[in-house]
1. Given a Förster distance of 45 Å, report the FRET efficiency between Ala62 and Ser97 from their Cβ-Cβ distance, rounded to the nearest 0.05.
2. In degrees from 0 to 90, rounded to the nearest 10, what is the angle of the helix 39-51 Cα long axis to the longest principal axis of the chain?
3. Assuming a ≥ b ≥ c are the square roots of the Cα gyration tensor eigenvalues, decide whether the chain counts as rounded (a/c under 1.5), prolate (otherwise, with a/b larger than b/c) or oblate.
4. In a shell of Cβ-Cβ distance under 15 Å around Arg80, excluding Arg80 itself, what net charge do Lys and Arg (+1) and Asp and Glu (-1) give?
5. Let me check I have the definition right: for the range 38-126, take the eigenvalues of the Cα gyration tensor, multiply each by 5, take square roots. What are those semi-axes in whole Å, largest first?
6. What residues of the range 147-162 lie in the reach of a label at Ser170, counting those whose backbone N is under 19 Å from a point 7 Å from the Cα along Cα→Cβ?
7. Placing +1 on the Cβ of each Lys and Arg and -1 on the Cβ of each Asp and Glu in the chain, which of Ile318, Val143, Ala239 has its Cα farthest towards the positive end of the resulting dipole?
8. Can you list residues from other chains, or at least 5 along the same chain, whose modelled amide H is less than 5 Å from the amide H of Leu162?
Amino acid sequence: MLDGRRARILRIMIEEHIRTGEPVSSRAILESGNLAVSSATIRTELVALEAAGYAFQPHTSAGRIPTPQAYRYYVDSLMRPRETPVASARVAEFFASVQTELGRLLKATSALLSEITHFPSVVTSPSIASEVIRAVHLVRTTVNTVLMVVVTVAGRVSQTLLHLPVPVDSADVQEAERLIRRFQVGTSMAESLDLEAMSLANPTQRVASVLRQAAAAFENTGAADHELYMGSSSYLTAAWGELSKVQGVLDVLEREAALLEVLGHLPAGTEVRIGSELGIDSATDISLVTTTYGEESAGPAGRLGVLGPMRMDYGRTIRVLEEIGDGLDESLGES
């Protein structure tokens, strides 16, 4: 734990580096911090911060740059929460104008996140297992295949092609659809199709074959992972500058499975992961800021996040994420 003066100097150094992107000198800290100490005292404190692993000098005559350890301490202990809204008008306008199914809404939300933060964004859908079924449609495509379309109350659309062991006609498909609707609409995606209860309706062999394939499809869909939506990566150069760093970020964005793994193991609420804390080899000068949305009590919630350089404005980024998360909650609550 840093003492009061050293902590204030560290906070000023980090916020100046976030603002300018340049090494921060003792003079800059003195001028921006309004500290009642001399420049020599600040230099002494900076040496102590460097020795403790909170700062480094890119070369002898330069100022100091915060380390990942410094950003971690800043986020946990020094950052002042941003109370005022950052983009409330833009967020309200977005959710008032967007009326679409969940997948398209989340894709548009990821684009909004990137537009406001100027960082690449990631959005994961809530687990489909907890969603309630609103409608089921079966469409015969060939004599041995049927397209099953399931629509949830949240607006998620799931499409599965059922491959049947015996030929079926339109009447068989209509009867199977009637039975599935009767037993499945109003239940969650995680609930299995009750073939035993349906057997009391004495379905024909061909209808039963459709029901069995539909039951297997429901089981697979209910166990599906979160879907990942990504916002624009057009801001990479402006955010990171150096080509080597941009390439590292692109590598992280391309590793969707690794990103989903990181996102899936974060606790509920707002979280910040800095550099190596992401557990991804190429995540060097990268921070991930995320927050959850959706009903956690009803199943695994979805998550909003942005990837930015370690010198990002954490307070502003967190505020934007929480504003958009609140807007998304309201939008889903009305669906």
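1. Details: r = 48 Å, r/R0 = 1.06.
Between Ala62 and Ser97 the formula returns 0.40.
2. With rounding to tens, the tilt is 50 degrees.
3. Working: a/c = 3.38, a/b = 2.97, b/c = 1.14.
It comes out prolate by the Cα gyration axes.
4. Details: positive: Arg8, Arg11, Arg19, Arg82, Arg316, Arg319; negative: Glu15, Glu16, Asp76, Glu83, Asp313.
Neighbour charge sum, excluding Arg80 itself: +1.
5. On the way: eigenvalues 350, 43, 28 Å².
Result for the range 38-126: semi-axes of 42, 15, 12 Å.
6. 147-149
7. Ala239
8. Result for Leu162 returns Val146, Leu147, Met148.
The values are calculated or read from the model by the stated rules, or taken from the named source; none is laboratory data. These figures come from a predicted structure and were not determined experimentally. No Cβ is skipped: glycine too gets one built from the backbone with ideal geometry, and neighbour counts run over all protein chains shown. The protein model used for the area step is the full one, side chains on, heavy atoms only, and it has no ligands, DNA or RNA in it. Shrake-Rupley method; radii C 1.70, N 1.55, O 1.52, S 1.80 Å.
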